[in-house]
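Participant: Below: one structure in structure tokens.
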Amino acid sequence: MSVSPTELAEFEVQADRWFAENKPEKPGFILPETFMEVGTDEQFKFLRAWQNKVYENGYVGLSWPKEFGGGGLPQVYQDIATKAMATHRVPFLLNTIGLNWAGPLILSMSSSEDKKKYIPSILSAEEIWCQGFSEPDHGSDLGNAQCKGRKDGDDYVINGSKIWTSLGMYAKHMILLVRTSTEAESKYSGLSFFLAPMKTDGIEVQPIRKLTGEYGFCQTFFNDARIPASCMMGKEGDGWRVAMATLMFERSAEGGQAGGLSMMDLSIDDVIELAKRAMRNGKPAIEDPFIRTELVKLIVEAKGNVYMADKAEIPALEGEWPGAVTMSIKLRATEFKRRMCQFAISLQGANASRYIDDRAVDEGMWQRSYLNAFSGTIGGGTTQIQHNIIGERILGLPKD
């Protein structure tokens, strides 16, 4: 579909105006930064209503097929809408796993019936999705998953547990990786993948308290939970291939996401503004030569990340290692966020120890963001795993 510059310019003005006029007022309670911090009913209801409003007004899922509830438009329209969300710093869209992982997976690999069944409710946030990959005893070793599924008639009987299931207590569906065979040729070929209904007898979700004192993560227990065989994606034993496709979406190495903000992100501009207010030796911290040097390093890295993302969209500029930029987006973004927040806390001096009372700088958002940043360096594959993937798959380095 060809798009004229005039049409895009008009849509850009329209989207900018809508988000400027419809940005929600602060609700009177702390909003989480990402879906991984949603731990109260009031947070959940607020963010669910916001995503539904954005969808009903046509600003998310713009590039998804129209017959399944999307906009049926070129990707550039969604890019413009998402940029307007970031410009006006509106809340993130709650159903992150549905919009960015499960939805693209279903659109790329599942049946037309599944697309009609799941995609519209993903976009509207009517049905929330969570992820059942990690397990308590296996960490990043996804191929060694031990949550088991046994075929029994038209169902699979599931036993075991999954951990770090963000939004698990609110989710209606889970993308679930289960071991359905212990006799397969390899541990990878014994896995199967399900679009599992969470409101099933035998499934219990327990919230996990985090470093910040908040909730958001959960552990999910399966005790003879019966999941219909019709919920399996692909064939039995095909789970590893489907899981790897899911992780490509999760790590932003593949396109196809519905769009919208996935987090209420602090930026390098916020750090600069803090450096102007923070005091060092009786003067604004930003006047300190050391502080200025460190700020410049962070600014260069932040700008570099933006330009690298733009570069990834032009294959001719990817250079000697095609795919290196997209494969490294998750690694670079999460590690940068952690270090940026750590630097912001260091600007606060003795006040850095305060983050839960009314004397805390900026209501403690930097401390909270720093602690939460570690979840980003773990989820979707730890920083160490990401380094290994880039080294082996992109640079061709040996495993030893």
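Participant: At most 15 other Cβ atoms within 10 Å and a DSSP loop assignment: could you name the trypsin sites (Lys or Arg not before Pro) in region 367-400 that fit?
Facilitator: Lys399
Participant: Hey, rough spin-label estimate for Phe29 and Asn281, points 7 angstrom out along Cα→Cβ, what's it come to in nanometres?
Facilitator: Going by the 7 Å Cα→Cβ label model, 4.6 nm.
Participant: How many angstrom lie between the Cα centre of region 15-75 and the Cα centre of region 206-229?
Facilitator: The distance from the Cα centre of region 15-75 to that of region 206-229 comes to 25 Å.
Participant: Where the only charges are on Cβ atoms (+1 Lys, Arg; -1 Asp, Glu), what is the dipole of the chain about its Cα centre, to the nearest 20 debye?
Facilitator: Taking the Cα centre of the chain as origin, the dipole is about 560 debye.
Participant: Now for a separate question. What translational D, rounded to a whole number of µm²/s, comes out for region 5-127 from Stokes-Einstein when the hydrodynamic radius is the Kirkwood one over Cα pairs, at 10 °C and 1.306 mPa s?
Facilitator: Once the numbers are plugged in, D ends up at 105 µm²/s.
Participant: Under a 10 Å cutoff between Cα atoms, tell me which one of Met327, Met308, Met169 has the largest fluctuation in the Gaussian network model of the chain.
Facilitator: Met308
Participant: Would you please name the trypsin sites (Lys or Arg not before Pro) within region 51-125 that are DSSP coil residues with at most 15 other C-beta atoms within 10 Å of their C-beta?
Facilitator: Arg89
Participant: So, one more: Out of the GluC sites (Glu not before Pro) in region 318-400, which ones are loop residues according to DSSP with at most 10 other C-beta atoms within 10 Å?
Facilitator: Here the GluC sites (Glu not before Pro) that fit, given the DSSP loop and packing criteria, are Glu320.
Participant: Still on this structure, please answer the following. Cα gyration tensor of region 186-306, axes a ≥ b ≥ c as square roots of the eigenvalues: rounded (a/c below 1.5), prolate (a/b > b/c) or oblate?
Facilitator: prolate
Participant: Put +1 on the Cβ of each Lys and Arg and -1 on the Cβ of each Asp and Glu in the chain; which of Gly213, Ile329, Asn57 then has its Cα farthest toward the positive end of the dipole?
Facilitator: So the residue furthest toward the plus end is Gly213.
Participant: Any chance you could run the full-extension gain for Ala324 through Arg354? It's 0.36 nm times the residue separation minus the Cα-Cα distance, nm to one decimal.
Facilitator: 6.8 nm
Participant: How far apart, in nanometres, would the label points at Glu21 and Val3 be if each is projected 7 angstrom from Cα along the Cα-to-Cβ direction?
Facilitator: 2.2 nm
Participant: Expressed in nm², what is the orientationally averaged projection area of the convex hull enclosing the Cα positions of region 268-394?
Facilitator: So the Cα hull casts an average projection of 9.0 nm².
Participant: Just give me a number: lysine pairs in region 5-127, eight or more positions apart or cross-chain, with C-alpha atoms less than 21 Å apart.
Facilitator: For region 5-127, qualifying lysine pairs total 14.
Participant: Over all directions, what mean area does the Cα convex hull of region 261-305 project, stated in square nanometres?
Facilitator: About 3.5 nm², averaged over all directions.
Participant: Go ahead and set up a Gaussian network model of the chain, Cα springs under 10 Å, then flag whichever of Leu274, Leu331, Leu211 fluctuates most.
Facilitator: Of the options given, Leu211 has the highest mean-square fluctuation.
Participant: If I take R0 = 45 Å and measure r between the Cβ atoms of Arg150 and Glu42 in this structure, what FRET efficiency does the formula 1/(1 + (r/R0)^6) give, to the nearest 0.05?
Facilitator: So the FRET efficiency works out to roughly 0.65.
Participant: Next up: Would you please state which residues of region 114-135 a label at Thr200 would reach in this model, taking the label point 7 Å out along Cα→Cβ and a backbone N cut-off of under 12 Å?
Facilitator: So the set is 132.
Participant: Could you work out the mean projected area of the convex hull around the alpha carbons of region 130-250, in square nanometres to one decimal?
Facilitator: If you wrap the Cα atoms of region 130-250 in a convex hull and average its projections, you get 7.3 nm².
Participant: If you don't mind, another one. How much length, in nm to one decimal, is gained on full extension between Asn388 and Glu12, taken as 0.36 nm per residue of separation minus their Cα-Cα distance?
Facilitator: Here the segment from Asn388 to Glu12 would lengthen by 131.4 nm.
Read-outs: derived from the displayed coordinates by stated rules, not from any lab. Remember, it's a predicted structure, so these values are computed and weren't measured experimentally. Every residue, glycine as well, gets a Cβ built from its backbone with ideal geometry; the counts of neighbours run over all protein chains shown.
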